[in-house]
Amino acid sequence: MLFSTLPNPNCLKVNWLFRHVTECKTGHFGVCVLCKKMWYLLQLHAPSCKETECHIPRCRDLKEHSRRLKQDTDARHRAAVEEILRKRAADIAGNPAITQLAIMDTGSSLPWVQCSPTEYISQHSPIPLLDPLKSSTYASIPCESNSCQYFPDRTCIKNQCYYNMTYVNAQSSIGNAATEQFIFESLDEGDGANMDGYATPLGMSEAHYYLNLQGIDIGLNELDIDEVCFRRNVTDQSKLTGVIIDSGTPATWLVDQAYDRFRNEVRRTLARLVLEDMGECVYCFCFKGNMTQELQGFPDVIYHFSDGADLQVGFNGIFYQHNSSIFCMAVFPSSQLSKEHFRYVTIIGVMAQQNYNVVMICLPKNYIFNLLIVNFTLISSNLMF
């Protein structure tokens, strides 16, 4: 029996998984949860295996597949960079037009552009700046306009519509609301694009995109989290609940019950490392050392969404290097967010989304969120909406 002579206490569990794979009637890694865990183990083993004649099933095939996929990915990246340079891959704002690189922020209801003149941006900025006074398509929004009602905390000053926007754990912004022309040059592959990957329902409300998170694993260990804490309470409008995906927030924020289980499992896994006291940041969970060296072999974190969609995150999406000798966990408790309205919601930040293609396909009354994965291997690092 495979691994039966090894003294590791997890041998029985691994043996049982191998036995299940050989007897599973489903016969599909993407459907059976246990088969997916076994496949995850094989993927975890193959990249670090140095044996030329390894007896672990599929090890040699996975190594060869990873090599070919890397070559293909490198070719895709080179082609994408060339296309970006050719098309400038940017939004063009104003008339006359100026070009700026842009990101799509799923957590913000307002578009933002770098403007001049401003006291915060140097006149010698390395990027072109939009000057509203020189743009023929820029127009302030008057108070009587219907669109004024959609701006947060709107007020009227000299018949001009003003907004007051405060982001999570960030300073507020106050200014006059306006309209401007934006032209986006798309790198979309069109209707014939291969949308291979996992799909899970996506809901939109109050300018946020909601997902159905059902559980979290760290490696083979399923965290003891009541799924109810991830559900959205649509009847209570006094606070934000549920799980949202946010491409503008770096870290991931978990509701307290989930965060406590998550932190405890990370501490158990990294018990050999020395904790670092971060002083005033009472919720920062930090360790001494270099994370690239200390986190070799750290198990992936897997977020399980409805319809069998899994978001598998490596240590680079869970930790960040605070300085040369300290690294910290980029997962925080939502109860520590500055705005009380957000202290009951789970936020999947962009660090957890890196190395994935994220595609939002909007269909009538049906929103689909695809994690593009080819043969269970991540293929790119850009976000597409």
Just checking, how many residues over region 294-312 are part of a helix (DSSP H, G or I) and crowded, with 17+ Cβ neighbours inside 10 Å? 1
Evaluate region 24-33: report whether one residue or more is out of contact with any helix residue (DSSP H, G or I) (no Cβ under 6 Å at 6 or more places or on another chain), modelled with pLDDT of 75 or more and farther than 26 Å from Val301 by Cβ. no
Any residue at all in region 278-293 that is surrounded by fewer than 20 Cβ atoms within 10 Å (Cβ to Cβ), of a type in the set (Lys, Arg), in contact with a strand residue (DSSP E or B) (Cβ under 7 Å, 6 or more places away or on another chain) and assigned by TED's automatic domain parsing to the domain that holds Glu340? yes
Flagged pairs (Cβ under 8 angstrom, 6 or more apart or on separate chains; first in region 331-349, at pLDDT 90 or above and in a loop (DSSP other than H, G, I, E, B); second surrounded by 15 or more Cβ atoms within 10 Å (Cβ to Cβ) and not polar (S, T, N, Q)) are Arg343/Leu337; Gly349/Asp246; Gly349/Ala251; Gly349/Trp253; Gly349/Ala330
For region 277-328, enumerate the residues that are without any contact (Cβ under 8 Å) to a residue 40 or more places away in the chain and in contact with a Lys or Arg (Cβ under 9 Å, 6 or more places away or on another chain). Glu294, Ser325
Of all the strands (runs of 3 or more DSSP E) wholly in region 93-180, which have at least 1 residues that are surrounded by 12 or more Cβ atoms within 10 Å (Cβ to Cβ) and modelled with pLDDT under 80? 98-100, 160-166, 172-176
With the condition kept exactly as written, say whether any residue in region 346-353 is outside the structural domain of Gly107 (by TED's automatic domain parsing), over 13 Å from the mean Cα position of the chain (by Cα) and either hydroxyl-bearing (Ser, Thr, Tyr) or loosely packed, with under 15 Cβ neighbours inside 10 Å (or both). no
Do we have any residue at all in region 204-227 that's in a helix (DSSP H, G or I) and at pLDDT below 95? yes
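The values are calculated or read from the model by the stated rules, or taken from the named source; none is laboratory data. Keep in mind that what you see is a predicted model, and the values were worked out from it rather than measured. For neighbour counting, all protein chains shown are included, and Cβ atoms are generated from backbone atoms with ideal geometry for every residue, glycine included.
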